[in-house]
Amino acid sequence: MEMNETKKVVLSGIQPSGTLTLGNYLGALRNWVKVQDEYDCYYMLADLHAITVRQVPAELRQNCFKTAAIYLAAGIDPAKSTLFLQSTIPAHSQLAWVLDCYAMMGELNRMTQFKDKSSRHADNINGGLYTYPVLMAADILLYQADLVPVGSDQLQHLELTRDIATRFNHAYSETFKIPKGLTTQTGARIMSLSDPTKKMSKSEVGDGTIFMLDSKDVVIRKIRKAVTDSDGEVRYAEGKHGINNLMSIYSAVTGKTFEEIESEFAGKGYGDFKLAVGEAVADELAVLQGEYQRYMTDKAYINDILIKGAEKASYIARKTLSKVYRKVGFYDPTK
Ligand code: ATP
Ligand code: LTN
């Protein structure tokens, strides 16, 4: 038996719908890197999901490549983890269709991301946006994933995935592993710097989002401008959304607890604190940005990783899909 067969399986993805943010990094990517040694990891670029919102084709293509370079620069090691583009494996779309027939309208109606995205893209409330979580369920269930490292905004989709899988298993027989989410204590939900009651997101325009490729100056400027309160004390407390968010960021990056941060900045103002947060974030990103530039010059290397990753992933995906096709009763004329 190969070592991998005994390891738990991890699967996750990020939409290549723009430049990745500090939220994507602290909520997801950084944790993907941490679990690579322990688990058999599959990390995809969720390009099928990305087209639920209008994309400029040339930009989407470029963002797919750039996001792959960011994965590698952040420390995803292709010798340990399998990297691939979702659209290169037809089984994702195929299983999604089957699972659509096991997902209830009432369940999909409750998804907060759908409600949020429909209000932000009122001119394009398409069917893909609605069935988005079912495609995500297909991504996860195809690989019989045990664990799914995501930010807390995705936990509702994960709960739906578990419900669909359980329903299918009960209707037929044990087919899918029931996955669990993997979130961290700090960093699971980074808020926008300009409106700390909203999630920081790739698609936000303005200075509320820190992008992983922002220069040190830009990072420091954005954090200096971050919305806070007039209390003036660096402490974690209900209602202090801006400061709580900066403390979470600082804690996630430095590993310091909230108590340690409070005593470090006791008697100091928000200005000093913001500068420290800005420097810590910029320093963490700087290392990765250097690596990113290096990978961006090596197209052949990245393409090769994505091709090899898809070969490995599709073998497993096809195995689950054919099991599902058999269980639902599709006739196979080759057998
Ligand atoms: P978009 O704005 O294009 O909808 P997004 O920035 O919300 O995108 P996704 O591709 O939807 O990013 O998310 C990828 C991963 O990053 C998911 O695991 C998600 O939970 C995590 N994530 C996204 N934003 C944050 C955030 N602000 N804090 C923590 N984790 C986040
Ligand atoms: N919907 C996720 C991206 C995503 C994903 C997945 C995450 C697509 N497929 C499978 C984990 C597992 C998001 O973050 N918006």
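Bear in mind that the values in this text are calculations on the coordinates, not laboratory data. As the structure is a prediction and not an experimental result, all values here were calculated from the model. Cβ placement follows ideal geometry from the backbone for every residue including glycine, while neighbour counts extend to all protein chains displayed.
For the chain, the residue among 151, 258, 134 whose Cα projects farthest onto the positive side of the dipole built from Cβ charges is 134. For the set 66/225; 202/256; 8/177; 180/327; 177/199, the pairs lying more than 22 angstrom apart at their alpha carbons are 66/225; 202/256; 180/327; 177/199.
For the chain, the longest principal axis of the C-alpha atoms and the axis of helix 91-100 are separated by about 90°.
Computed over region 130-266, the P(r) curve from all C-alpha pair distances, binned at 5 Å from the origin, holds 2, 9, 15, 17, 15, 12, 10, 9, 6, 4, 1, 1, 0 percent per bin. The C-alpha atoms of the chain define a longest principal axis, and helix 155-171 lies at about 20 degrees to it. Note on the chain: GNM, Cα springs under 10 Å; of 128, 208, 290, the largest mean-square fluctuation is that of 290. Using C-alpha pairs below 8 Å separated by at least 6 residues, the relative contact order for the chain is 22 percent. Axis angle, to the nearest 10 degrees, between helix 270-296 and the longest C-alpha principal axis of the chain: 40 degrees. Taking a sphere under 11 Å around the Cβ of residue 256 and counting the other residues whose Cβ falls inside, with K and R at +1 and D and E at -1, yields a net charge of -4.
Can you check what the net charge comes to around residue 35, using other residues whose Cβ is under 15 Å from the Cβ of residue 35 (Lys, Arg +1; Asp, Glu -1)? After counting each charged neighbour, the total is +1.
Once you sort the root eigenvalues of the Cα gyration tensor of the chain as a ≥ b ≥ c, which label holds: rounded (a/c under 1.5), prolate (a/b larger than b/c) or oblate (the other case)?
Working: a/c = 1.92, a/b = 1.65, b/c = 1.16.
Prolate.
Each Lys or Arg adds one and each Asp or Glu takes one away; over the other residues whose Cβ falls under 12 Å from the Cβ of residue 216, this sums to -3.
Taken about its Cα centre, the chain carries a charge dipole of about 900 debye when Lys and Arg each add +1 at the Cβ and Asp and Glu each add -1 at the Cβ. Between residue 41 and 10, 82, the built amide H atoms are under 5 Å apart, and every one of these is 5 or more places off in sequence or on another chain. Taking 17 Å as the straight-line reach from the Cα of residue 222, the aspartates and glutamates in range (excluding those fewer than 8 positions away in the same chain) are 195, 204, 207, 214, 272, 279, 283, 284. In straight-distance terms, cross-link reach from residue 312 covers every one of the aspartates and glutamates whose alpha-carbon lies under 13 Å from its own, apart from those fewer than eight places away in the same chain; here that gives 40, 304.
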